[in-house]
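Below you'll find the structure, written out as structure tokens, and then a few comments.
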Amino acid sequence: ETGVTQTPRHLVMGMTNKKSLKCEQHLGHNAMYWYKQSAKKPLELMFVYSLEERVENNSVPSRFSPECPNSSHLFLHLHTLQPEDSALYLCASSLLNSPLHFGNGTRLTVT
Amino acid sequence: AQSVTQLDSQVPVFEEAPVELRCNYSSSVSVYLFWYVQYPNQGLQLLLKYLSGSTLVKGINGFEAEFNKSQTSFHLRKPSVHISDTAEYFCAVTNTGNQFYFGTGTSLTVIP
């Protein structure tokens, strides 16, 4: 149990589908993150929600849409994805100036 | 902007031998430094962190790392590795509190 729970663990979707990834933490953290992990590349920060403000990586395509309804829950809404979006999507949470705590990730395959 | 360089993408080492995984960072301001480990089909788990104080930090599973400000390095070491240490290791840096930058990772393979 990592303290950060991600669902589903695996997801296969077509390019015309709409799906959502879910992340939940009960560690009392005040920041939540989405990272994309692709083989042989650094982890790519996609979005940060910190103290209810959102910071985003401007290179993330608009087909990825985050939602953070409260400090414990984070979603990543997906629509009209491309095959190159196939990757491991990691959620993390933290307190300010403290280490990240990661979930086990969602392995996404876009067909 | 900050960046993290992990010089070795793959490190094979025999069981019970010592290992060092290298990490260099670029930053003009004070930073916090971390090492994470990732086992197959799992997320990243914190091994150790440097926030301030002693430059030699000890983490879980017998790992330690030394912060060297003049060389902008934060190399990870273990005096005797086990088969169970086979995993991917990531170095990370932050100075703003919620913008973390990761290296590309080093795959450690422990050979029986």
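The values are calculated or read from the model by the stated rules, or taken from the named source; none is laboratory data. Here the structure is a predicted model, which means the values were calculated and not measured. So basically every Cβ, Gly included, is an ideal-geometry build from the backbone, and we count neighbours across all protein chains shown.
A Cβ distance below 6 Å, combined with a sequence gap of six or more or placement on separate chains, defines the contacts here; from region A:93-111, residues that are without any contact (Cβ under 8 Å) to a residue 12 or more places away in the chain reach residues that are surrounded by 24 or more Cβ atoms within 10 Å (Cβ to Cβ) in the pairs A:99/B:34.
Taken across region A:41-63, residues that are over 16 Å from residue A:100 (Cβ atoms), in contact (Cβ under 8 Å) with a residue 60 or more places away in the chain and surrounded by 13 or more Cβ atoms within 10 Å (Cβ to Cβ) do not occur at all.
I'd like to know if region B:38-51 contains one or more residues that are polar (S, T, N, Q), surrounded by 20 or more Cβ atoms within 10 Å (Cβ to Cβ) and closer than 21 Å to residue A:88 by Cβ. Among the residues of region B:38-51, at least one is polar (S, T, N, Q), surrounded by 20 or more Cβ atoms within 10 Å (Cβ to Cβ) and closer than 21 Å to residue A:88 by Cβ, which makes the answer yes. With respect to residue A:61, is the statement that it is part of a loop (DSSP other than H, G, I, E, B), within 10 Å of another protein chain (Cβ to nearest Cβ) and either in contact with a helix residue (DSSP H, G or I) (Cβ under 7 Å, 6 or more places away or on another chain) or within 20 Å of residue B:99 (Cα to Cα) (or both) true? In short, no.
For residue B:110, the requirement of being in a strand (DSSP E or B), in contact with a His (Cβ under 9 Å, 6 or more places away or on another chain) and either in contact (Cβ under 8 Å) with a residue 60 or more places away in the chain or aromatic (Phe, Trp, Tyr) (or both) is met.
Cβ-Cβ distances below 8 Å connect the following pairs, each with a first residue in region B:40-56 that is more than 8 Å from every other protein chain (Cβ to nearest Cβ) and touching a residue at least 40 places away in the same chain (Cβ under 8 Å), a second residue that is buried (at least 17 other Cβ atoms within 10 Å of the Cβ) and not in a strand (DSSP E or B), and a separation of six or more residues or different chains: B:47/B:59; B:47/B:63. Just to be sure, is residue A:81 within 12 Å of chain B (Cβ to nearest Cβ), surrounded by 13 or more Cβ atoms within 10 Å (Cβ to Cβ), touching a residue at least 40 places away in the same chain (Cβ under 8 Å) and aliphatic (A, V, I, L, M)? No; evaluated as a whole, the condition is false for this residue. Just a yes or no: is a residue in region B:63-76 within 11 Å of another protein chain (Cβ to nearest Cβ), surrounded by 15 or more Cβ atoms within 10 Å (Cβ to Cβ) and either over 24 Å from residue A:89 (Cα atoms) or of a type in the set (S, T, N, Q) (or both)? Within region B:63-76, none of the residues are within 11 Å of another protein chain (Cβ to nearest Cβ), surrounded by 15 or more Cβ atoms within 10 Å (Cβ to Cβ) and either over 24 Å from residue A:89 (Cα atoms) or of a type in the set (S, T, N, Q) (or both). Can you find, within region A:84-111, the residue that is farthest from the other protein chains (Cβ to nearest Cβ) among those that are of a type in the set (A, V, I, L, M, F, W, C) and part of a strand (DSSP E or B)? Step by step, filter region A:84-111, then rank; the result is A:110.
Candidates are the residues of region B:77-99 that are of a type in the set (S, T, N, Q) and under 26 Å from residue B:17 (Cα atoms); the one that is surrounded by the most Cβ atoms within 10 Å (Cβ to Cβ) is B:86.
Which residues, counting only those in region B:74-99, are in contact with a strand residue (DSSP E or B) (Cβ under 6 Å, 6 or more places away or on another chain) and at pLDDT below 95? B:92, B:93, B:94, B:98 - these are the residues of region B:74-99 that are in contact with a strand residue (DSSP E or B) (Cβ under 6 Å, 6 or more places away or on another chain) and at pLDDT below 95. Residues that are more than 8 Å from chain A (Cβ to nearest Cβ) and not in a strand (DSSP E or B) within region B:86-104 comprise B:86, B:95, B:96, listed in sequence order.
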